[in-house]
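What follows is a single structure, written as structure tokens, with notes after it.
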């Protein structure tokens, strides 16, 4: 079992309104991290529950995570300053599985793009990346993904920046005309449902990362279960322990 680590905040930036980019220092977590895993962070608020936050990147003795302020816990976390320490449990969860793919594709939506960055790096600039946002004011990390990808397409639901429309539609059009042997995805549930359907319709392997509300983060409390295709005791899988990354064919969305 992973132990609680004290992590020093060494950088902090608000990259778009209400979205904070933190880098903390902790060699133990950095060395263990695999792309797609998450941290369970003590935000210091009165709920006593840690918050699961996906790992954006990990290198040397540094761990980077990006989160959106959604409640009292993440609000309090956003107020941490450089030089302060936070209590972190991690890295946790089952991440993305990287094989010898020839034409990988990454698609993320909103805050779901953050856990895909380390994955894009580890695919050695071989991935075609699709990033979707509500509008141009929410667009972020475009240049970073572009620097570690073969191609990076950005779209907005309202057409205010880049591709006009849902990013899953742009991906579907692309794979009908270009080779693709795997899709990696993280984002809002409607997008994941669309990606899962497109992948299965085209016979493409697909790994999706689910973002669920969690309690313990280690599989004991069953707060974060999701329904699977299996029967019996495996019908409901724990996102924190069995995931957050799953084969899209295994989970029911």
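The table below gives the values:
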| read-out | value |
| --- | --- |
| Mean Cβ count within 10 Å, highest first, over the residues of peptides 201-209, 32-40, 172-180 | 32-40, 201-209, 172-180 |
| Using alpha-carbon coordinates, inclination of helix 189-201 to the longest axis of the chain, degrees | 40 |
| Selected from 217, 187, 110 as most flexible by GNM, with the chain as the system and alpha-carbon contacts under 10 Å | 110 |
| Beta bridges per DSSP with both ends in the chain, % antiparallel, nearest 5 | 60 |
| Residues residue 61 and residue 220, FRET efficiency given R0 of 25 Å [Cβ-Cβ distance, rounded to 0.05] | 0.25 |
| Computed E for residue 10/residue 97 - FRET, C-beta separation, R0 45 angstrom, nearest 0.05 | 0.90 |
| Most mobile listed residue (132, 159, 71) in the chain, GNM with C-alpha springs under 10 Å | 71 |
| Within the range 104-247, percent of DSSP bridges classed antiparallel, to nearest 5 | 20 |
| Least to most buried among 191, 171 (fewest other Cβ within 10 Å first) | 191, 171 |
| For the range 4-92, diffusion coefficient by Stokes-Einstein and Kirkwood Rh (Cα), 37 °C, 0.692 mPa s, µm²/s | 258 |
| Helical contribution to [θ] at 222 nm, DSSP H n ≥ 4, -39,500 (n - 2.57), averaged over the chain, rounded to 500 | -5000 deg cm²/dmol |
| Contour excess over end-to-end distance, with Cα ends at residue 227 and residue 200 and 0.36 nm allotted per residue | 7.9 nm |
| Residue-span extension gain [residue 147 to residue 134] - 0.36 nm each, minus C-alpha spacing | 2.4 nm |
| Gain in span if fully extended, residue 173 to residue 48, counting 0.36 nm per residue against the direct Cα distance | 40.4 nm |
| Part-to-part distance (alpha-carbon centres) for the range 142-205 and the range 13-53, which is given in Å | 26 |
| Label point 7 Å beyond Cα of residue 158 along Cβ direction - residues of the range 3-36 with amide nitrogen under 19 Å | 16-19 |
| Likely footprinting exposure, 19, 129, fewest C-beta neighbours within 10 Å first | 19, 129 |
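Taken together, the values in this text are just the output of simple stated rules run on the coordinates, not laboratory data. Fair warning: this is a prediction, and the values are worked out from it, not measured in the lab. Because the Cβ atoms are built from the backbone with ideal geometry, glycine has one as well, and the counts that use them run over all protein chains shown.
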